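Okay, so here's the structure we're looking at.
Derivation of every value follows stated rules applied to the coordinates shown; laboratory data play no part. None of these values were measured; they are calculated from a predicted model. Reconstructed Cβ throughout: ideal geometry from the backbone, glycine too, with neighbour counts over all protein chains shown.
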Amino acid sequence: MSLHGRDLVSIRDLSREEIERLLAASRKMVPIAEGTKVATPLSDKIVAMAFFEPSTRTRLSFEAAVQRLGGRCITIADAGATSMRKGESLYDTIRMLSSYADAIVMRHPNEGAARLAARASDRPVINAGDGAGQHPTQTLLDLATMQEAFGTLTGLRVVLLGDLKYGRTVHSLAYALAQFGSELVLCSPPSLRLPEDHREELRHLGARVSVEEDIRKAVAEADVLYVTRVQKERFGDEDEYRAVAGSYRVDAPLLAGAKSRLIVMHPLPRAGEIAPEVDETPHAAYFRQAFLAVPVRMALLNEILGSGRRGG
Ligand code: NCD
């Protein structure tokens, strides 16, 4: 189905075929993202960036994607500078914004905020992260990175390492990988396990999922090591955070036991989970992953906002 005019709130909003089509379209966007080819299908479009939580890559890669395709952005990067400071509701803010722009990209600290925004807006809303909920566009670029490295998304053994409780990127990614038939190995401190409702859903999808608490064993068998940051801002209790902070780290000795083709991914920012020495190894894929954010978001915006023809 065409994505024209549709919201993207959860990765569940996309079928496997739609994801495959977006990944194919994003490969064609790479030269435009690199600035070696010019195309301006969004020249008459304005996209609003409504970011109520810190962001570097997500907001700037969305802005770059809009501008590489000839469109323009209006941006809220600091919620403290908006009338929400005066008590304006999220509903009113988004409803008004939807009369200024052709689409809204939103990040918010509350899970479920993107769904509310989609109801408030009569223009498409793209979820750029809602609390510990979903981050579907990150998943698209994560899949693009794996597909580029392995040529497939099926049959990979993917270790999800770190904060699987609060990490929204893994909540979206685990679902997508299960749909593509990759195997998931969950590796986290006991207090940061993947929540039961997500595990139940993965079981329901027939996914191969296992738990491995020994990071060394997990890495030895992996094709992809997907590392995440402990989501400090989601902890209600400082002691709970301190108990897990710094409890895992990917470094050169750990990777000495890995398959030669292993790739290490991270949505970034990293906060000590990956030692800088890993950057120099052929395993490091996280900066390529960060670049692929631009062509992937271009492909998505082109489908949602374009003329209704399939992007490419
Ligand atoms: C992630 C996020 O915001 O969920 N960052 C990103 O979008 N690249 C991961 C994180 O903040 O740890």
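Available extension along the chain between Arg270 and Ala252 is 4.9 nm, counting 0.36 nm per residue and deducting the alpha carbon span. Estimated from the Cβ-Cβ distance and a Förster radius of 41 angstrom, the FRET efficiency linking Asp78 and Ala220 is about 0.40.
With label points built 7 Å along Cα→Cβ from the Cα atoms of Glu240 and Ser260, find their separation and express it in nm. So the two model labels end up 4.5 nm from each other. Near Gly272: Cβ cut-off under 10 Å, other residues only, Lys/Arg at +1 and Asp/Glu at -1. The net charge is +2.
Nothing charged except the Cβ atoms of Lys and Arg (+1) and of Asp and Glu (-1): what's the magnitude of the dipole of region 190-238 about its Cα centre? Round to the nearest 20 debye.
Details: 9 positive and 12 negative charges, 28 e Å.
It works out to roughly 140 debye.
Over region 189-312, what per residue volume does the convex hull of the Cα atoms give, in whole Å³? Working shown, then result.
Values: hull volume 21.2 nm³, N = 124.
Hull volume normalised by residue count: 171 Å³.
For the chain, adding -39500 (n - 2.57) for each run of n ≥ 4 DSSP H residues and dividing by the number of residues yields -11500 deg cm²/dmol at 222 nm.
Evaluate the relative contact order of region 1-126 (contact order divided by residue number), counting alpha-carbon pairs under 8 angstrom at least 6 apart; express in whole percent. If you can, show how the numbers build up before the last one.
Details: 172 pairs, mean separation 37.7, N = 126.
That works out to 30 percent.
What are the semi-axes of the equivalent ellipsoid for the chain, taken as the square roots of 5 times the Cα gyration tensor eigenvalues, largest first, in whole Å? Can you show the working numbers first?
Details: eigenvalues 193, 106, 63 Å².
In descending order the semi-axes read 31, 23, 18 Å.
The loop-placed GluC sites (Glu not before Pro) in region 15-91, going by DSSP, that have at most 13 neighbouring Cβ atoms within 10 Å of their Cβ come out as Glu88.
Oblate is the label for region 103-254, because a/c, from the alpha-carbon gyration tensor with a ≥ b ≥ c as root eigenvalues, is 1.5 or above and a/b does not exceed b/c.
Normalising by the residue count of region 199-289, find the relative contact order in percent from Cα pairs under 8 Å and 6+ residues apart.
Numbers: 92 pairs, mean separation 29.4, N = 91.
Relative contact order, region 199-289: 32 percent.
For the pair region 60-117 / region 143-204, the C-alpha centres are spaced 28 Å from each other.
Just want to confirm a number: the relative contact order over region 151-241, from Cα pairs under 8 angstrom separated by 6+ residues, in percent.
38 percent
Taken about its Cα centre, region 171-286 carries a charge dipole of about 260 debye when Lys and Arg each add +1 at the Cβ and Asp and Glu each add -1 at the Cβ. Within the straight-line cut-off of under 26 Å between alpha carbons, the lysines reachable from Lys28 are Lys37, Lys45, sequence neighbours fewer than 8 places apart in one chain being disregarded.
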